Amino acid sequence: MPGITKVTPLNFENYPLSHSLFSVLIWGLLFGGIYFLMQRYPKGAIVLGFGVVSHWFLDLIVHRPDLPLFFGESPYVGFGLWNSPVGTLLVEGSLFCAGVFVYMHTTYAKDRIGTWAFWSLVGFLVIVYIGNFVGPVPPSVQAIAWVGNAQWILIAWAYWVDRHRSVNNHTTADIGG
């Protein structure tokens, strides 16, 4: 239904397994727990678990009240930033730029792939974001599903970038690594 918010036309109706607060707490515990069992690194497990949970709190800022707190008859919450295109661009753009800045300044390219693949990924993400912001409404739920599943390519791309970059030694000393 076009116009559900000023930024996104998508009407999120029922998704308690992926977007309820209760579910993301469970997902965060599972992800952090599995990482801990594999790596035996408690700080990393905690950071990764909180990273999973942070998705819900970031969604809370942008979504209209359509985020369930738990399964079943749950209250729905959301602050509705997507009702302000300018606010959305400022907040989401600032977060994206901050993430690029932090990654760029805590890692260095080991080779040319580490530079070019990184900047091509950043550029591609900016182009996709602009396309989502000003482009047409998706033609169908199936199109959304295909694009959603195709996002796994971005994970592979980011992994490839990361394999060609290293952590700055002074950065790890600063954060206790």
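The values are calculated or read from the model by the stated rules, or taken from the named source; none is laboratory data. Since the model is a prediction, treat every value here as computed from it, not as a measurement. With ideal geometry, Cβ positions are generated from the backbone for all residues, glycine too; neighbour counts draw on all protein chains shown.
Kindly check whether there is at least one residue in the stretch 135-156 that is at pLDDT 95 or above, surrounded by 13 or more Cβ atoms within 10 Å (Cβ to Cβ) and within 18 Å of the chain's Cα centre (by Cα). Within the stretch 135-156 (the criterion being at pLDDT 95 or above, surrounded by 13 or more Cβ atoms within 10 Å (Cβ to Cβ) and within 18 Å of the chain's Cα centre (by Cα)), the answer is yes, since at least one residue qualifies.
For the stretch 89-130, the set of residues classified as touching a residue at least 60 places away in the same chain (Cβ under 8 Å) and in contact with a helix residue (DSSP H, G or I) (Cβ under 7 Å, 6 or more places away or on another chain) consists of THR106 only.
For the structure I just gave you, tell me whether ILE153 is β-branched (Val, Ile, Thr), over 26 Å from LYS6 (Cβ atoms) and not assigned by TED's automatic domain parsing to the domain that holds ILE61.
Details: β-branched (Val, Ile, Thr): yes; over 26 Å from LYS6 (Cβ atoms): yes; not assigned by TED's automatic domain parsing to the domain that holds ILE61: yes.
So ILE153 fits the description; yes.
Here the stretch 1-60 is the region considered, the condition is being charged (D, E, K, R) and on the phi < 0 side of the Ramachandran plot, and the residue that is nearest to the chain's Cα centre (by Cα) is ASP59. Pairs linking a residue in the stretch 58-70 that is farther than 15 Å from SER23 by Cβ to a residue that is surrounded by fewer than 17 Cβ atoms within 10 Å (Cβ to Cβ) and of a type in the set (D, E, K, R), with Cβ atoms under 9 Å and 6 or more positions apart or on different chains, do not occur.
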